[in-house]
1. How many residues does the range A:198-210 contain that are in contact (Cβ under 8 Å) with a residue 12 or more places away in the chain and at the interface with chain B (Cβ under 7 Å from one of its Cβ atoms)?
2. Collect the residues in the range B:45-62 that are in a loop (DSSP other than H, G, I, E, B), within 9 Å of DNA strand D (Cβ to nearest atom) and either within 14 Å of chain A (Cβ to nearest Cβ) or aromatic (Phe, Trp, Tyr) (or both), keeping them in residue-number order.
3. Just to check your reading of the model, which residue among B:Ser167, B:Ser154, B:Ser190, B:Ser179 is within 30 Å of A:Val211 (Cα to Cα), free of Cβ contacts under 8 Å to residues at least 12 places away in the same chain and either at the interface with another protein chain (Cβ under 8 Å from one of its Cβ atoms) or out of contact with any Gly (no Cβ under 8 Å at 6 or more places or on another chain) (or both)?
4. Is it the case that some residue within the range A:63-70 is surrounded by 15 or more Cβ atoms within 10 Å (Cβ to Cβ), within 14 Å of another protein chain (Cβ to nearest Cβ) and either outside any helix (DSSP H, G or I) or among the charged types (D, E, K, R) (or both)?
5. Do we have any residue at all in the range B:124-137 that's more than 16 Å from DNA strand C (Cβ to nearest atom), free of Cβ contacts under 8 Å to residues at least 24 places away in the same chain, crowded, with 17+ Cβ neighbours inside 10 Å and among the aromatic types (Phe, Trp, Tyr)?
6. From the list A:Lys97, A:Lys18, which one is over 18 Å from the mean Cα position of the chain (by Cα), touching a residue at least 40 places away in the same chain (Cβ under 8 Å) and closer than 27 Å to B:Ala173 by Cα?
7. Can you tell me which residue is farthest from A:His40 (Cα to Cα) among those in the range B:34-44 that are at pLDDT 95 or above and part of a helix (DSSP H, G or I)?
8. For the range A:11-44, what are the residues that are β-branched (Val, Ile, Thr) and either more than 8 Å from DNA strand D (Cβ to nearest atom) or loosely packed, with under 13 Cβ neighbours inside 10 Å (or both)?
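The values are calculated or read from the model by the stated rules, or taken from the named source; none is laboratory data. This one's a predicted model, so the numbers in the text were calculated from it and none came from an experiment. All Cβ positions, even for glycine, are placed from backbone atoms using ideal geometry, and neighbour counts span all protein chains on display.
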2 protein chains.
Amino acid sequence: MQAEHCLMGTAERKAKEKEELKELILQAAQKLFVEKGVEHTTIRNIASEIEYSVGTVYVYYRDKNEILHDLHRRGFMKLGASMAALQHVSHPFERLKATGRAYIAFALDNQLMYDLMFNMKAPMHTMRMNQEEKWQEGMATFGVLRQTITDCMSAGYFKGHEVEALSFAIWSAVHGMCSLYIRERIQGASAAEPRQLLEEAFESLIRMMDVK
Amino acid sequence: MQAEHCLMGTAERKAKEKEELKELILQAAQKLFVEKGVEHTTIRNIASEIEYSVGTVYVYYRDKNEILHDLHRRGFMKLGASMAALQHVSHPFERLKATGRAYIAFALDNQLMYDLMFNMKAPMHTMRMNQEEKWQEGMATFGVLRQTITDCMSAGYFKGHEVEALSFAIWSAVHGMCSLYIRERIQGASAAEPRQLLEEAFESLIRMMDVK
DNA sequence: TTTGAAAAATGAACAATGTTCAATTTCTTT
DNA sequence: AAAGAAATTGAACATTGTTCATTTTTCAAA
């Protein structure tokens with residue numbers, strides 16, 4: 001069916017080109033999502049941004065949700081990398097604090113991405129289609145936090161707590177701050193600037209946790 | 001210009017009928033939003049649910065966002081009432097715990113409403129149009145929490161904390177749990193059932209706070 | 001170099017949606 | 001009963017996500 005010589009070479013190149021175009025679509029989508037929001041970005045926008053036709057986008061992504069899902073996946077890789085970089089901090093409680101700060105920094109520097117990862121329903125729904133287990137991309141990140149907290153408990157912190165529940169509680173607290181900030185639910189809650197209130201709230205959280 | 005006798009009577013009736021129809025639209029919208037989600041509910045759906053035409057809906061609500069905004073407002077009234085009912089609990093820390101449980105109960109019993117109140121961008125945007133101050137509907141609720149926490153501090157709790165930041169931190173923690181639960185970000189995080197993990201996390205939070 | 005089939009790209013066409021508004025119906029007052 | 005006001009209608013428009021028959025491009029084989 002297929003000739004032998006130099007075929008594999010072109011096939012590879014083709015595959016790489018396909019990947020590059022897919023990447024191009026993703027970059028354009030992310031840019032437009034940030035600029036005008038997910039809802040107000042049309043497939044036609046994305047297509048004309050990369051100077052291809054509408055149909056081409058549908059060749060590489062089944063629908064708009066699949067683009068969201070791909071961005072979602074990348075978000076978790078980025079957050080995961082950012083947290084993995086802190087594993088060298090040996091004192092567990094210091095590592096916990098650093099992890100929290102890194103998490104907040106990620107959320108605030110990539111607000112739309114964070115929104116996509118934790119506040120949007122769409123990506124979770126498209127994942128059902130694939131596998132029950134696919135969300136574990138995100139849960140690996142939770143595993144890192146749980147390990148750090150386990151280490152803290154070994155060092156005498158969090159006496160009387162249960163790891164699983166405590167980890168979720170702490171994750172919730174930090175996520176809650178970021179989420180309320182990003183979704184603009186802090187305006188008017190205090191005289192302070194939203195950003196500063198967030199920082200101070202994180203300090204408060206640390207103070208609550210820091211009892212041996 | 002207007003006759004005097006029995007005119008006010010009909011005018012009042014007319015006004016009441018208008019209110020009733022507006023109420024009808026809102027009820028239908030809420031029902032359909034819960035059944036099929038906000039995105040997948042069309043104005044035509046709402047119209048045919050109440051057996052009126054599309055145009056009529058637009059007479060009472062400028063656009064879909066205004067319907068969302070109205071539900072948003074009602075949500076805060078309901079949550080506010082639920083929290084106000086606990087002001088009789090005299091011991092401040094007990095009141096704080098009860099407030100948290102009431103908050104969680106509200107979020108889980110009215111998941112779509114909660115979503116609307118804290119996770120959706122749309123209602124916040126339409127509010128900008130009206131007044132800078134309108135979001136205070138929601139902030140009154142925060143005020144109740146802050147007062148309870150102030151009382152806790154007077155009773156010796158939360159030593160060394162700053163009220164504003166601490167209140168926001170605690171709100172964040174509880175909101176985070178509810179938000180992650182509703183947005184289905186707990187699946188697979190633990191062997192436990194999501195609902196049970198949420199309860200246990202709340203217990204963990206209380207344990208962290210309960211140091212005099 | 002030519003060729004022809006496979007791969008990629010196209011964009012017109014479709015269905016569904018939010019929204020508008022001139023026309024119609026219903027109600028109220030005189 | 002009739003005129004005027006208010007409420008209701010639903011056809012029509014613009015925009016969207018999505019599909020698919022058609023066209024263009026690519027490239028191994030002759």
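1. Number satisfying all stated conditions: 3.
2. Answer for the range B:45-62, where residues must be in a loop (DSSP other than H, G, I, E, B), within 9 Å of DNA strand D (Cβ to nearest atom) and either within 14 Å of chain A (Cβ to nearest Cβ) or aromatic (Phe, Trp, Tyr) (or both): just B:Tyr52.
3. Going through B:Ser167, B:Ser154, B:Ser190, B:Ser179 in turn, just one is within 30 Å of A:Val211 (Cα to Cα), free of Cβ contacts under 8 Å to residues at least 12 places away in the same chain and either at the interface with another protein chain (Cβ under 8 Å from one of its Cβ atoms) or out of contact with any Gly (no Cβ under 8 Å at 6 or more places or on another chain) (or both): B:Ser190.
4. yes
5. Checking the range B:124-137: at least one residue is more than 16 Å from DNA strand C (Cβ to nearest atom), free of Cβ contacts under 8 Å to residues at least 24 places away in the same chain, crowded, with 17+ Cβ neighbours inside 10 Å and among the aromatic types (Phe, Trp, Tyr).
6. Result: A:Lys97 is the single residue among A:Lys97, A:Lys18 that is over 18 Å from the mean Cα position of the chain (by Cα), touching a residue at least 40 places away in the same chain (Cβ under 8 Å) and closer than 27 Å to B:Ala173 by Cα.
7. B:Arg44
8. If the condition is that a residue be β-branched (Val, Ile, Thr) and either more than 8 Å from DNA strand D (Cβ to nearest atom) or loosely packed, with under 13 Cβ neighbours inside 10 Å (or both), then A:Ile25, A:Val34, A:Val38 are the ones that fit.
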